[in-house]
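**Student:** Below is a structure I'd like to ask you about.
Each value in this text was obtained by applying a stated rule to the coordinates, not by laboratory testing. Please read all numbers here as calculations on a predicted model, not as lab measurements. Neighbour counts run over all protein chains shown; Cβ positions are idealised from the backbone, glycine included.
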Amino acid sequence: SVYIPAHQRQSIAENMQGNFYGIGVSFLMFKDSVTIARVLEGGPSKAAGLLAGDRILIADEDTLFQKNYSNEKIVQTLKGRPGTSVDLTMYRKSEDKIFQLEIKRGKVPLPSVDSYYMMGKTVGYLKINRFSQTTNNEFDLALNDLISQGMKKMILDLRDNPGGYLHPAIQISNALLQK
């Protein structure tokens with residue numbers, strides 16, 4: 001068990017729920033602007049066509065470049081209640097163009113099963129990055145898919161997994177180990 005400071009509670013809770021509501025990007029400050037580092041699969045930004053490298057210049061008439069805003073301030077601007085919109089002014093360097101777009105905030109999945117695939121005819125590989133509320137369901141889907149592909153042995157990769165909820169970890173253990 002660990003102590004979670006109050007200011008981190010919401011972020012940790014979203015991570016452990018397996019989803020959050022927002023536009024679905026990971027970002028970083030690059031020079032003077034908010035730069036999209038990754039567009040999250042299944043999120044509104046992916047559907048809207050945003051790309052890694054795009055820069056967010058303005059969000060809801062709030063200029064974000066040359067402001068040195070904290071990550072928390074930017075997250076507050078981009079996240080919100082589902083169905084609400086955020087108006088963005090973007091810059092795409094690869095095309096040297098500025099464009100505007102309205103993105104409706106929605107559910108952004110945070111999968112805990114990073115990947116799974118067959119490594120040979122009978123050996124499957126499955127990577128779990130944390131134990132969240134959705135992990136057991138994700139694990140079951142991946143496991144059944146691997147079994148249908150002929151898996152007889154499995155490599156379960158838990159490297160860099162910081163833990164999480166105990167119940168999904170127990171459910172997965174029960175699926176793999178005899179009593």
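**Student:** Among Ser26, Leu156, Phe99, which residue has its Cα positioned farthest towards the positive end of the charge dipole of the chain, with +1 placed on the Cβ of Lys and Arg, -1 on the Cβ of Asp and Glu, and the dipole taken about the Cα centre?
**Tutor:** Positive-end residue among those listed: Leu156.
**Student:** Which value in nm describes the separation of the simple spin-label points at Ile147 and Lys121, placed 7 Å from the Cα toward the beta carbon?
**Tutor:** Going by the 7 Å Cα→Cβ label model, 2.2 nm.
**Student:** Go through Lys152/Lys179; Lys31/Lys73; Lys46/Lys79; Lys46/Lys121 and tell me which ones have a Cα-Cα distance over 24 Å in this structure. Write down the numbers at each step before the final one.
**Tutor:** Numbers: Lys152/Lys179 20 Å; Lys31/Lys73 17 Å; Lys46/Lys79 15 Å; Lys46/Lys121 34 Å.
Beyond 24 Å: Lys46/Lys121.
**Student:** Further, regarding this structure: Return P(r) of the chain (all Cα-Cα pairs; 10 Å bins starting at 0; whole %; ordered from short to long distances).
**Tutor:** Histogram of Cα-Cα distances, whole percents per bin: 9, 30, 28, 21, 11, 2, 0.
**Student:** Give, in nm to one decimal, the length gained when the segment between Lys93 and Gln178 is fully stretched (0.36 nm per residue of separation minus the Cα-Cα distance). Working shown, then result.
**Tutor:** Numbers: separation 85, 0.36 × 85 = 30.60 nm, distance 5.51 nm.
Stretched out fully, the Lys93 to Gln178 stretch lengthens by 25.1 nm.
**Student:** Pick from Ile128, Ile147, Ile23: which residue has the top mean-square fluctuation in a GNM of the chain where Cα pairs under 10 Å get a spring?
**Tutor:** Ile147
**Student:** Sticking with this structure for a sec: Please go through the range 31-78 and write out the GluC sites (Glu not before Pro) that DSSP classes as loop and that have at most 13 other C-beta atoms within 10 Å.
**Tutor:** Numbers: sites: Glu41, Glu61, Glu72; in loops: Glu41, Glu61.
Passing both the DSSP loop test and the Cβ count: Glu41, Glu61.
**Student:** Right, next: What is the distance, in nm, between label points placed 7 Å from the Cα along the Cα-to-Cβ direction at Gln133 and at Met29?
**Tutor:** Taking the two extended label points, one gets 3.2 nm.
**Student:** Which FRET efficiency value, to the nearest 0.05, do you get for Ile170 and Lys46 by plugging their Cβ-Cβ distance into 1/(1 + (r/R0)^6) with R0 = 25 Å? Walk me through the intermediate numbers first.
**Tutor:** On the way: r = 33 Å, r/R0 = 1.32.
It comes to 0.15.
**Student:** Apply 1/(1 + (r/R0)^6) to the Cβ-Cβ distance of Ser70 and Tyr3, taking R0 = 25 Å, and write down the FRET efficiency to the nearest 0.05.
**Tutor:** Working: r = 22 Å, r/R0 = 0.89.
FRET efficiency, Ser70 to Tyr3: 0.65.
**Student:** What percent do you get for the relative contact order of the chain when only Cα pairs under 8 Å and 6+ apart count?
**Tutor:** On the way: 326 pairs, mean separation 34.7, N = 179.
This gives 19 percent for the chain.
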